[in-house]
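A short write-up of the structure that comes next.
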Amino acid sequence: MRDKDCIFCKIAAGEIPSATLYEDEDFRVILDLGPASKGHALILPKDHFRNLYDIDEEVLAKAMVLAKKMVKKMTDVLGCDGYNIVQNNEECAGQTVFHFHMHLIPRYKDDQVGLEWKVGELTEEVKNEILEKMK
Ligand code: 5GP
Ligand code: ZN
């Protein structure tokens, strides 16, 4: 399923050119145009899903397996020291393109990639509230 107005549908289908690192029948992996670090790539399913809330589970499972393959290969190619996998869902979480994608972000010792957050505290009250609601 495609969305005719979606830029990542067009890129995944090859209708808009991209720096493609890998392609198969389900996915295209491209270099991000605004990289957080050298080699920052995106895994794009060829079918359109808005994000994690609605992606097909079989496609999602394949995406994770592909992420592992890409990270292993690209670690050799780039000589990076580690990787972050980032996947944003909805605007408040930083999603700007509403076609599911996984960011593969190579990390280099002492790089300035900022994926940190302010560490909070898990209070008894909040812990119990969530545990209760999850039952
Ligand atoms: P999000 O913020 O939705 O998780 O990530 C969207 C990502 O897509 C951003 O990192 C942005 O740089 C990248 N991006 C947006 N438009 C294009 C494009 O046309 N081509 C490529 N290669 N990357 C894009
Ligand atoms: Zn799309």
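Which of Lys109, Lys38, Lys46 moves the most in a Gaussian network model of the chain with Cα springs under 10 Å?
Lys109
Using the number of other C-beta atoms within 10 angstrom as an exposure proxy, rank Lys73, Lys118, Lys62 with the fewest first.
Working: Lys73 12, Lys118 4, Lys62 16.
Lowest count first: Lys118, Lys73, Lys62.
Work out, step by step, the length gained on full extension between Val97 and Met64: first 0.36 nm times the residue separation, then minus their alpha carbon distance; give nm to one decimal. Intermediate results must be reported in sequence, preceding the final value.
Details: separation 33, 0.36 × 33 = 11.88 nm, distance 1.94 nm.
Answer, rounded to one decimal: 9.9 nm.
Mind listing the long-range amide H neighbours of Arg107? Cut-off is under 5 Å, sequence gap 5 or more, other chains count too, H placed in the peptide plane at 1.01 Å from N.
For Arg107, the qualifying residues are Asp81, Gly82, Tyr83, Asn84.
Kindly state, to the nearest 0.05, the FRET efficiency for Glu23 paired with Asp54, given R0 = 25 Å and r defined as their beta-carbon distance.
Efficiency, from the Cβ-Cβ distance: 0.60.
Would you pull out the residues with amide H under 5 Å of Phe49's amide H, same chain only if 5 or more places away, H placed 1.01 Å from N?
Phe100
Give me the lysines in straight-line cross-link reach of Lys62: C-alpha distance below 18 Å, same-chain residues under 8 apart excluded.
Correct list for Lys62: Lys46, Lys72, Lys73.
Sort Phe8, Phe100 by Cβ crowding within 10 Å, fewest neighbours at the top.
Working: Phe8 22, Phe100 26.
With the sparsest Cβ surroundings first, the list reads Phe8, Phe100.
Ranked by Cβ crowding within 10 angstrom, fewest neighbours first, how are Glu129, Glu25 ordered? Each step should come with its number before you reach the end.
Working: Glu129 11, Glu25 5.
Ascending number of Cβ neighbours within 10 Å: Glu25, Glu129.
Within the set of other residues whose C-beta is less than 12 Å from the C-beta of Lys69, count the net charge using Lys and Arg as +1 and Asp and Glu as -1.
+2
Taking amide H atoms as placed 1.01 Å from N in the peptide plane, list the residues 5 or more away in sequence, or in a different chain, whose amide H sits under 5 Å from that of Leu21.
Val29, Ile30, Leu31
Considering the chain as a Gaussian network with a 10 Å cut-off on Cα pairs, which listed residue, Thr96, Thr75, Thr123, attains the greatest mean-square fluctuation?
Thr123
A short reminder: the numbers here are calculations on the coordinates, not readings from a lab. The structure displayed is predicted, hence computed values, not measured ones. Ideal geometry is used to build each Cβ from the backbone, glycine not excepted, and the neighbour counts take in all protein chains shown.
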